[in-house]
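Worksheet for the structure shown next.
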């Protein structure tokens, strides 16, 4: 290797996003280009340049073996020794292929805000970040007198935080009191999180017990409050239906991409039609996730499963290939 500084690993940027997009990244050609010197390398010693080159070479070898997470770590370490926008772009792409879009997005923001990065590298980082938006979530964490703020056990600063979809735990000291908050993040979503100190409960006044009045006749039992299980059943059916439509839409999008690639002459109309199908699939994925979360939440926290039955009402019976609504009046 004649040039000891970092190199730029260029990989064609994918245009397919959303459902099943990972299938287009199974085999990607590699092209090595050596960039010219930048302001980042002005104060880097020859020893550090040599170490950065070795780390980059290690990352390149790991990338060729499809060990994308390990390759991304090697690229990041090389960039920390001898900073260079091209090396950081390598790490961004490797984290994307490793299935960790949040880490890739954080590096995109780092490159975009780097005052020493060139305009072309910043533009590439903005393009990559736009592609990642549908695969990540953001939490805007605010509060007064917030200290020792952590997300999933890692110390962070208050403000906007990029995270992967899924469940996360926020812990902090707010006004000297411990606060724990569990949040569930859906891909492409953004949530505002306000951390407040827990309120102190007022002392309860003593309750005077009085003897119940004698009753004659039938004893009436107050039914428990909450939604009927029918709501959960209907939500489950709707979620399953949305999931089926989402799978169909995803497969239709993949087929449209394959048909587009096979065409000798590609028109803008064909491209826009494919993008429309891609957008439809992303919307369906979000709708299915939201419906599933809502149904689960209602089932766990807002449904009366006690079986208390009052005279009158209606319910849903689900059978093989049929739905039956029954009522009692």
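Of the residues 81, 106, which single one is in contact with a strand residue (DSSP E or B) (Cβ under 8 Å, 6 or more places away or on another chain) and modelled with pLDDT of 90 or more?
Residue meeting the stated conditions: 106.
What tally of residues in segment 159-201 results from selecting those that are modelled with pLDDT of 85 or more and assigned to a loop (DSSP other than H, G, I, E, B)?
6
So which of 74, 53 is over 24 Å from residue 138 (Cα atoms) and either buried (at least 21 other Cβ atoms within 10 Å of the Cβ) or without any contact (Cβ under 8 Å) to a residue 24 or more places away in the chain (or both)?
74
Name the pairs whose Cβ atoms lie under 6 Å apart, with the first residue in segment 231-244 and in the same structural domain as residue 287 (by TED's automatic domain parsing) and closer than 22 Å to residue 280 by Cβ, the second modelled with pLDDT of 85 or more and not in a helix (DSSP H, G or I), and 6 or more positions between them or separate chains?
Note: no pairs meet the criteria.
How many residues are touching a strand residue (DSSP E or B) at 6+ places or on another chain (Cβ under 6 Å) and surrounded by fewer than 17 Cβ atoms within 10 Å (Cβ to Cβ) if we restrict to segment 115-144? Steps first, answer last, please.
Initial filter on segment 115-144 (touching a strand residue (DSSP E or B) at 6+ places or on another chain (Cβ under 6 Å)): 136-143.
Keeping just the survivors that are surrounded by fewer than 17 Cβ atoms within 10 Å (Cβ to Cβ) gives 140, 142.
Summing the residues that are touching a strand residue (DSSP E or B) at 6+ places or on another chain (Cβ under 6 Å) and surrounded by fewer than 17 Cβ atoms within 10 Å (Cβ to Cβ) in segment 115-144 gives 2.
Would you check if residue 251 is crowded, with 16+ Cβ neighbours inside 10 Å and at pLDDT 80 or above?
Numbers: crowded, with 16+ Cβ neighbours inside 10 Å: no; at pLDDT 80 or above: yes.
So residue 251 does not fit the description; no.
The values are calculated or read from the model by the stated rules, or taken from the named source; none is laboratory data. What you are looking at is a predicted structure, and each value in this text was computed from that prediction instead of being measured. Here Cβ is always computed from backbone atoms with ideal geometry, including for glycine, and neighbour counts include all displayed protein chains.
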